[in-house]
Amino acid sequence: MHAPPSRAQLIEHRALFIDGQWTEPSGADVIEVVSPVTEQVVGRVPHATPDDMDRAVAAARRAFDDGPWPRLPLADRIEVVTRVRDALAARREEIAELVTLQNGSPITWSRAGQAMSAVAAFSTTLAAAADLRLEEERQGLGGPVLVRRAPVGVVAAITPWNVPQLTLAAKLAPGLLAGCTFVIKPSPETPLDAFLLAEICAEAGLPDGVVNVVPAGRESGAHLVAHPGVDKVAFTGSVAAGKSIMAAAAQNLTRVSLELGGKSAALILEDADVSAAVRTIVSGTCAANSGQACVALTRVLAPAPRYDEVAAALSDAFARLNVGDPADERTAVGPMVTWRQRQRVLDYIRIGRDEGATVLTGGSVPADLDTGWFVQPTLFGDVTNDMRIAREEIFGPVVCLIRYDDEDEAVRIANDSAFGLSGAVFTTDVDRGMRIARRIRTGTLTVNGFRLDLAAPFGGFKQSGIGREFGAEGLAGYFEYQSVALPKTPATITD
């Protein structure tokens, strides 16, 4: 067990993880990891060059084309991936503290939403794989047909800074179980936990070249995405980056899965328990990774007769949130990950004021926090759905409160968005909540709550993405399907 990181330590990696070895980078540039709390450098890693990407893809290509991993029985891959899962669980506190150090997630959220969610993603995918048949015979029109699930190949996994371990687990667990090999490009803001994962994969017994870790910025990332040796790009991040990746991948018809942004609506119906709804909305917005979550419930729709009640309850709840040091167990809202991200959030708060929305609480930088990239949890009232703050993803602790007159208008407002990732409906009538859920064009939705269930498919409608992660559907995204027309004599079917 390694000692957990602290702010007094400078965590430094001088090598990239390529082909099962810690390998000297081809260039001299480094990525400096800056604490969003102290604004001081807390880590350094090599900045992978396009040449390094070529070496990583070549290693993954050899491991897939000639290595043992894709050819192992599924049961053997399950055994190795289970060791990866168990090691992540054993080092969960180290992972949580490391992520908090890098991106400022409150430590209580890092434990549940960063470290243990990654473990859970591995567990649910392992459970889905246990019931999987890689080959099955069907009766075709002209005779028997063997339908095979074949691994898609070399995967470029590109992960964001907000939940680096969970978003990586969502790709790595199903891909490894399918028999794929990986080139992992973590975000330059938060690369340190990916090196820990590389250690775990090596210790778990993954063959050389199956997992490669090469942190880098945009130029090297673009080189990786366009690489002809990559069979699939699995990306989590912004819509703009997703569109660029899709365009680059189209040149080689590389498969893509894109988990992108959101502007999710929480519909409070006139019969709802407002206090319970507010508690959930707070946990699903400002207290969810300090608002830096694609699934955050950032548009709250309140019925006109109860609008003032909802506004007062949300304002009070937001004002009570403890903003500060993410290593403090009492902190609910930590800093934004970078100075740029804080400025983006502050710019949107200014835009909201200029558009005529009313700041009901927050709206600035905390007066008592001179160092670190903090923003007060901010609630806007008098918001209309055509305002930029209601249509664009802010990715910070900023929530819009929108008034509606009837159920049809609420559904129309919820659907009037370029996004469709998450959402919630609050009502004492669950059947009514389900009827409304079926009308909303979004990938996940909770009735009377806020839950991302890692055993169920997760992904978005519209510009919130393409494809699904988690559960059996997430596993399916790492297979190609091959149909083999057979003679009349039955074939031997493997697992």
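The values are calculated or read from the model by the stated rules, or taken from the named source; none is laboratory data. Treat the numbers as computed from the prediction; the structure is a model and nothing was measured. Because the Cβ atoms are built from the backbone with ideal geometry, glycine has one as well, and the counts that use them run over all protein chains shown.
Give me the pairs: first residue in the range 199-218 and surrounded by 15 or more Cβ atoms within 10 Å (Cβ to Cβ), second residue hydroxyl-bearing (Ser, Thr, Tyr), beta-carbon distance under 7 Å, and six or more apart or on different chains, which are they?
So the pair list comes out as GLY209/THR181; VAL210/THR181.
Out of curiosity, is SER6 at pLDDT below 95, within 27 Å of the chain's Cα centre (by Cα) and not hydrophobic (A, V, I, L, M, F, W, C)?
So SER6 fits the description; yes.
Can you tell me which residue is nearest to VAL163 (Cα to Cα) among those in the range 233-253 that are among the hydroxyl-bearing types (Ser, Thr, Tyr) and surrounded by fewer than 23 Cβ atoms within 10 Å (Cβ to Cβ)?
SER238
Identify, by number, the condition in (1) free of Cβ contacts under 8 Å to residues at least 24 places away in the same chain; (2) more than 16 Å from LEU168 (Cα to Cα); (3) part of a helix (DSSP H, G or I) that ARG138 doesn't meet.
The one condition ARG138 does not meet is (3).
Applying the selection to the range 74-120, what residues are in a loop (DSSP other than H, G, I, E, B) and touching a Leu at 6+ places or on another chain (Cβ under 9 Å)?
Hit for the range 74-120 is ARG91, nothing else.
For the range 178-294, please list each of the strands (runs of 3 or more DSSP E) lying entirely inside it that holds at least 3 residues being under 30 Å from ILE413 (Cβ atoms) and at pLDDT 95 or above.
255-259, 265-268
Could you tell me whether the range 312-334 includes any residue that is surrounded by fewer than 22 Cβ atoms within 10 Å (Cβ to Cβ), at pLDDT 95 or above, more than 28 Å from ARG432 (Cα to Cα) and basic (Lys, Arg)?
Yes: the range 312-334 contains one or more residues that are surrounded by fewer than 22 Cβ atoms within 10 Å (Cβ to Cβ), at pLDDT 95 or above, more than 28 Å from ARG432 (Cα to Cα) and basic (Lys, Arg).
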